[in-house]
Amino acid sequence: MKTVILVAVLIILVAFYQTANAHSKSIFLVLETKDIKPAEGALWKFAENSKPVFPEDLAVGKFIGCAVISFVVSDSGRTKKTEVVNTVPAGRAARSVRKVMRKVRWQPVVEGSSPGEEQRLMRLDFCMSGDSNEAAEELCEDLAKMACE
């Protein structure tokens, strides 16, 4: 009797596991950044391991689009005065983009220098695919060709 119950429980667990895995699918997220101002000659660059990351709430909401954000890099390498200029689709990502950018840290482009504050304007492209990271990157390449300002 115990063997029958154990086998029945195992069959139920295997069936549950297969059903759960059939519904779960990997999602590949890509967040690309592009400097608008300054386009060249920036004083600051992303600090190592401090690039913006795809916000979890936008991933859950399956947001694919872009944002243009204005901000200041402080003389200590922190992001401040963040303002979302535009998002496509309109308004959906503004709060998340501000939050993500405030976490970014910066380091001087010229090692050992102490640049002052720098006003920046940056485009962020949010892309995802259920197929592969390469597919998400290709989507970002196409998205980058579209207007976001």
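The values are calculated or read from the model by the stated rules, or taken from the named source; none is laboratory data. Every value quoted in this text rests on a predicted model; they were computed, and no experiment measured them. FYI the Cβ positions are ideal-geometry reconstructions off the backbone, even for glycines, and counts take in every protein chain you see.
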Would you be able to say whether some residue in the range 17-27 is under 22 Å from Cys127 (Cα atoms), among the aliphatic types (A, V, I, L, M) and modelled with pLDDT of 90 or more?
yes
When residues of the range 133-149 are filtered for being surrounded by fewer than 18 Cβ atoms within 10 Å (Cβ to Cβ), closer than 12 Å to Lys34 by Cα and among the hydrophobic types (A, V, I, L, M, F, W, C), how many remain?
1
Selection count where residues are without any contact (Cβ under 8 Å) to a residue 12 or more places away in the chain and surrounded by 13 or more Cβ atoms within 10 Å (Cβ to Cβ), scope the range 96-114:
0
Suppose we keep only residues that are farther than 29 Å from Val109 by Cα and not aliphatic (A, V, I, L, M) within the range 75-95. Which one would you say is modelled with the highest pLDDT?
Pro89
Those residues of the range 29-56 which are within 16 Å of the chain's Cα centre (by Cα), surrounded by 13 or more Cβ atoms within 10 Å (Cβ to Cβ) and not in a loop (DSSP other than H, G, I, E, B), in sequence order:
Leu29, Val30, Leu31, Glu32, Thr33, Lys34, Asp35, Phe46
Taking Cys66 as the residue in question, decide whether it is within 11 Å of the chain's Cα centre (by Cα) and more than 15 Å from Ile36 (Cα to Cα).
no
Where residues in the range 57-95 are closer than 17 Å to Ala144 by Cα and polar (S, T, N, Q), which of them is surrounded by the most Cβ atoms within 10 Å (Cβ to Cβ)?
Thr87
For residues in the range 117-132 being exposed (fewer than 14 other Cβ atoms within 10 Å of the Cβ) and polar (S, T, N, Q), which is modelled with the highest pLDDT?
Gln119
